[in-house]
Amino acid sequence: MDNSNRGSFSKNTRKEKDSHADIKGKATVAGVEYWIDGWQKENDKGIWYSLSFTPRNASTAPLEDGSVKEGAVPF
């Protein structure tokens, strides 16, 4: 099965601090694998999630100046 541009996440059962993600998972986007972290938020419109994506392979991570290695997919 081709899992391109798909991912999944579930409850973070290892959460120890309020700042830790409520959900964790992984996804593949444009051939690059990412870790997903999510935090449940609530406001007057209801519950929503804030997400963060981090490349699973450090070679695709942004460089200090914000650029990415040649051939890497920015996020």
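Some notes on this structure:
- Most tightly packed first, judged by the mean number of other beta-carbon atoms within 10 Å of their residues, the peptides 44-51, 18-25 read 18-25, 44-51.
- The accessible-area ordering, largest first, of the residues Glu33, Glu16 stands as Glu16, Glu33, per a 1.4 angstrom probe.
- Taking Cβ atoms as reference points and 13 Å as the exclusive limit, the residues near Gly38 contribute a net charge of +3, counting Lys and Arg as +1 and Asp and Glu as -1.
- Net charge in the neighbourhood of Ala21 (other residues with Cβ under 15 Å of its Cβ; Lys, Arg +1, Asp, Glu -1) is +3.
The values are calculated or read from the model by the stated rules, or taken from the named source; none is laboratory data. Given the structure is predicted, the values throughout are model-derived calculations rather than measurements. Heads up, the Cβs are rebuilt from the backbone with ideal geometry, glycines too, and the neighbour counts pull from every protein chain shown. When the accessible area is computed, the model is the full protein with side chains, heavy atoms only, and any ligands, DNA or RNA have been set aside. Shrake-Rupley method; radii C 1.70, N 1.55, O 1.52, S 1.80 Å.
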